[in-house]
Amino acid sequence: MLVGGVALPLAASAQQPTMPVIGFLRSTSFADSTKFVTAFREGLTEAGYVEGKNVAIEYRYAENDQDRLPGLVADLIRRPVAVIVANIIAAVLAKAATTTVPIVFVTGSDPVQEGIITSFNRPGGNVTGVFFFAGELGTKRLELFSQLVPKATTIAVLVNPDSRETEAERKDLEAAANAIGQQLLFLEVGSDRDRSAFGTKRTFHD
């Protein structure tokens, strides 16, 4: 190929800048992740990244089978990806698998207790993320609800049985309910079918 009268090797002239690849990893199913995928793409677009134009995304879902996560993480590392974006369950396993690929997580449970960061001020290592105080807010919600409906004898709580955040919040709620003599009814909702059937019941008594 001639460029400005200078002959260039065809292979060299055909080279293009490598498009960065993001690994999007979740322990949940594809169906349960669609809203997160949409929000993620919108966030990338706002930051100037458009999938297929200046960034590529490799999607991996464990379909609520945690035994599949190590293989999915290894696959993304071999790809290789520039960064792994994951929910907390997947991020913990990703951290165990690599100290070089950056990992970004989003969680409602305490990332320090999960062991994925050392502290909030100094996360350490190759991991960073966003922490929503979901578990800590559960107790406050129960307190406010009891004030709004003081005569309520039983309060129903919808929970996702496949989420680590759920277990932490459940323990806090049970402790708070015990302190005020309130009975809770936990309804496990892990899928669309559960949502229509209101899940499996679990009760807690003071």
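Output yes when any residue across the stretch 103-113 is exposed (fewer than 13 other Cβ atoms within 10 Å of the Cβ) and closer than 24 Å to Thr166 by Cβ, and no when none is. Within the stretch 103-113, one or more residues are exposed (fewer than 13 other Cβ atoms within 10 Å of the Cβ) and closer than 24 Å to Thr166 by Cβ. For the stretch 67-99, a residue qualifies if it is among the polar types (S, T, N, Q) and exposed (fewer than 14 other Cβ atoms within 10 Å of the Cβ), and exactly one does: Thr99. Candidates in the stretch 151-174 are the residues that are small (Gly, Ala, Ser) and at pLDDT 80 or above; of these, the one that is nearest to Ile89 (Cα to Cα) is Ala156.
A quick yes/no check of all residues on (1) assigned by TED's automatic domain parsing to the domain that holds Leu44; (2) among the acidic types (Asp, Glu); (3) touching a residue at least 40 places away in the same chain (Cβ under 8 Å); (4) not in a helix (DSSP H, G or I):
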site: Ile57; (1), (2), (3), (4): yes, no, no, yes
site: Arg60; (1), (2), (3), (4): yes, no, no, yes
site: Gly71; (1), (2), (3), (4): yes, no, no, no
site: Leu76; (1), (2), (3), (4): yes, no, yes, no
site: Leu93; (1), (2), (3), (4): yes, no, no, no
site: Phe105; (1), (2), (3), (4): yes, no, no, yes
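Do the conditions hold for Ala86, that is, is it part of a strand (DSSP E or B) and not polar (S, T, N, Q)? So Ala86 fits the description; yes.
The values are calculated or read from the model by the stated rules, or taken from the named source; none is laboratory data. The structure displayed is predicted, hence computed values, not measured ones. Don't worry about glycine lacking a Cβ; one is built from the backbone with ideal geometry, like all the others, and counts go over all protein chains shown.
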